[in-house]
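Report on the structure given below.
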Amino acid sequence: MAFINSLIDNYQGGSMRPSDIPEIRALGLFRSMSDTAFEALMQAAYHQTFPAQLELIREGDPADFLYVVTEGRVELFARSNGREATMGMVNPIGTFILAAVLKDAAYLMSARTCQKSKVLMIPAENVRAAFEADEAFARAIVVELANCYRSVVKEHKDLKLRSAIERLANRLLRYHQDQGANGTLELPYDKRTLASLLGMTPENLSRAFNSLKPYGVQVDGTRIELSDLDGLTALAKPNKLIDDRSS
């Protein structure tokens, strides 16, 4: 608790701006809960602005807050035996560490800001109290945890059932679709982070990009040109039970 309190003390923060509340309220986690319960959560929350590369939580520490990223981006990562891996990215408006908050358990991952970010922090005890008191909020939490579970299964299938080249090809197709499907895309992260997300070393990622050249993939820094979408798609073999993020 002392660690997060030092963050709250040392960085710009304050109560929720009225303009922030509708976006938070619109999240599936909070949308159906009563006005009274939602207002109580917001009154207990801290809304903080943090600089880039600041560690927000530490793996193994007790879960003191539920986090909601409202601006910027947060990286979830883990360390063991001298190794570090990126576990996921949280973009606005997204939550993280919900399971640890409900179980009153230790964080299984650490988190740090990738850029200047604004984060809403709701005390864990208030979240658990709302879970007990508000049935709609409790149902929304069950759905949120179910979605998280399904996402983890899909990521696990991606890692287990595909080669490195196939994982990269499918990820490029995803980014291409997200960015308007106009034949080019910008990698949302640096290549080292992308490699970690895909379960590769940076060297393996570089080799995978080279292997995709015959499929129309041209790399210029973080800008990627896709000139043979049919060929890349035939290689990637997208699978709804892995790649569909809406179900």
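The values are calculated or read from the model by the stated rules, or taken from the named source; none is laboratory data. Values in this document were obtained by computation on a predicted structure and should not be read as measured data. Every residue, glycine among them, receives a Cβ derived from its backbone with ideal geometry; neighbour counts consider all protein chains shown. Only protein heavy atoms, including side chains, enter the accessible area calculation; ligands, DNA and RNA are left aside. Shrake-Rupley method; radii C 1.70, N 1.55, O 1.52, S 1.80 Å.
Take the conditions part of a helix (DSSP H, G or I), over 18 Å from the mean Cα position of the chain (by Cα) and at negative phi and apply them to V153. Does it pass?
Working: part of a helix (DSSP H, G or I): yes; over 18 Å from the mean Cα position of the chain (by Cα): no; at negative phi: yes.
No; evaluated as a whole, the condition is false for this residue.
Looking only at the stretch 159-166, decide whether some residue is open to solvent by less than 80 Å² (accessible area, probe 1.4 Å), over 23 Å from L27 (Cβ atoms), touching a helix residue (DSSP H, G or I) at 6+ places or on another chain (Cβ under 8 Å) and of a type outside the set (A, V, I, L, M).
Yes, some residue in the stretch 159-166 is open to solvent by less than 80 Å² (accessible area, probe 1.4 Å), over 23 Å from L27 (Cβ atoms), touching a helix residue (DSSP H, G or I) at 6+ places or on another chain (Cβ under 8 Å) and of a type outside the set (A, V, I, L, M).
What strands (runs of 3 or more DSSP E), lying completely within the stretch 85-135, carry at least 2 residues that are open to solvent by less than 20 Å² (accessible area, probe 1.4 Å) and touching a residue at least 60 places away in the same chain (Cβ under 8 Å)? Spell out how you get there, then give the answer.
Values: elements: 94-96, 110-113, 117-123.
The qualifying strands (runs of 3 or more DSSP E) are 117-123.
Restricting to the stretch 16-36, and then to whatever is touching an Asp or Glu at 6+ places or on another chain (Cβ under 7 Å) and modelled with pLDDT under 95, can you tell me which residue is most open to solvent (accessible area, probe 1.4 Å)? Full working, then the answer.
Here is the first cut: in the stretch 16-36, the ones touching an Asp or Glu at 6+ places or on another chain (Cβ under 7 Å) are 28-29, 33-34.
Next, only the ones that are modelled with pLDDT under 95 stay: 28-29.
Working: G28: 39, L29: 3 Å².
The residue in question is G28.
Residues in the stretch 39-71 that are at pLDDT 95 or above, of a type in the set (F, W, Y) and either in contact with a helix residue (DSSP H, G or I) (Cβ under 8 Å, 6 or more places away or on another chain) or open to solvent by 50 Å² or more (accessible area, probe 1.4 Å) (or both): how many?
2
Is it the case that R150 is surrounded by fewer than 16 Cβ atoms within 10 Å (Cβ to Cβ), modelled with pLDDT of 95 or more, farther than 30 Å from I24 by Cα and not β-branched (V, I, T)? Working first, answer last.
Working: surrounded by fewer than 16 Cβ atoms within 10 Å (Cβ to Cβ): yes; modelled with pLDDT of 95 or more: yes; farther than 30 Å from I24 by Cα: no; not β-branched (V, I, T): yes.
Judged against the criteria, R150 is not a match.
Would you say S80 is within 27 Å of L194 (Cα to Cα), in contact (Cβ under 8 Å) with a residue 60 or more places away in the chain and among the hydroxyl-bearing types (S, T, Y)?
Numbers: within 27 Å of L194 (Cα to Cα): yes; in contact (Cβ under 8 Å) with a residue 60 or more places away in the chain: no; among the hydroxyl-bearing types (S, T, Y): yes.
Against the criterion (within 27 Å of L194 (Cα to Cα), in contact (Cβ under 8 Å) with a residue 60 or more places away in the chain and among the hydroxyl-bearing types (S, T, Y)), S80 does not qualify.
For the list (1) surrounded by 14 or more Cβ atoms within 10 Å (Cβ to Cβ); (2) over 26 Å from A138 (Cα atoms), I need the number of the one condition that R79 fails.
So the condition that R79 fails would be (1).
Quick one: how many residues across the stretch 215-247 are touching a Gly at 6+ places or on another chain (Cβ under 8 Å) and either without any contact (Cβ under 8 Å) to a residue 40 or more places away in the chain or open to solvent by 60 Å² or more (accessible area, probe 1.4 Å) (or both)? Show your work before the answer.
Looking only at the stretch 215-247, we keep the residues that are touching a Gly at 6+ places or on another chain (Cβ under 8 Å), and these are 215-216, 225-229, 231-232.
In the following step, the residues that additionally are either without any contact (Cβ under 8 Å) to a residue 40 or more places away in the chain or open to solvent by 60 Å² or more (accessible area, probe 1.4 Å) (or both) were identified as 215-216, 225, 227-229, 231.
Residues that pass the stated criteria total 7.
I'd like to know if the stretch 176-186 contains one or more residues that are loosely packed, with under 14 Cβ neighbours inside 10 Å, of a type outside the set (A, V, I, L, M, F, W, C), at pLDDT 95 or above and over 22 Å from D244 (Cα atoms). Working first, answer last.
Quick first cut of the stretch 176-186, residues loosely packed, with under 14 Cβ neighbours inside 10 Å only: 177-183, 186.
Imposing the further condition that a residue be of a type outside the set (A, V, I, L, M, F, W, C) reduces the set to 177-180, 182-183, 186.
This time we only want the ones that are at pLDDT 95 or above, so: 177-180, 182-183, 186.
So of that shortlist, the ones also over 22 Å from D244 (Cα atoms) come out as none.
Looking through the stretch 176-186, none of the residues is loosely packed, with under 14 Cβ neighbours inside 10 Å, of a type outside the set (A, V, I, L, M, F, W, C), at pLDDT 95 or above and over 22 Å from D244 (Cα atoms).
Just checking, which of V74, V143 is exposed (fewer than 14 other Cβ atoms within 10 Å of the Cβ), hydrophobic (A, V, I, L, M, F, W, C) and touching a residue at least 12 places away in the same chain (Cβ under 8 Å)?
Working: V74 fails: exposed (fewer than 14 other Cβ atoms within 10 Å of the Cβ).
Being exposed (fewer than 14 other Cβ atoms within 10 Å of the Cβ), hydrophobic (A, V, I, L, M, F, W, C) and touching a residue at least 12 places away in the same chain (Cβ under 8 Å) holds for just one of V74, V143, which is V143.
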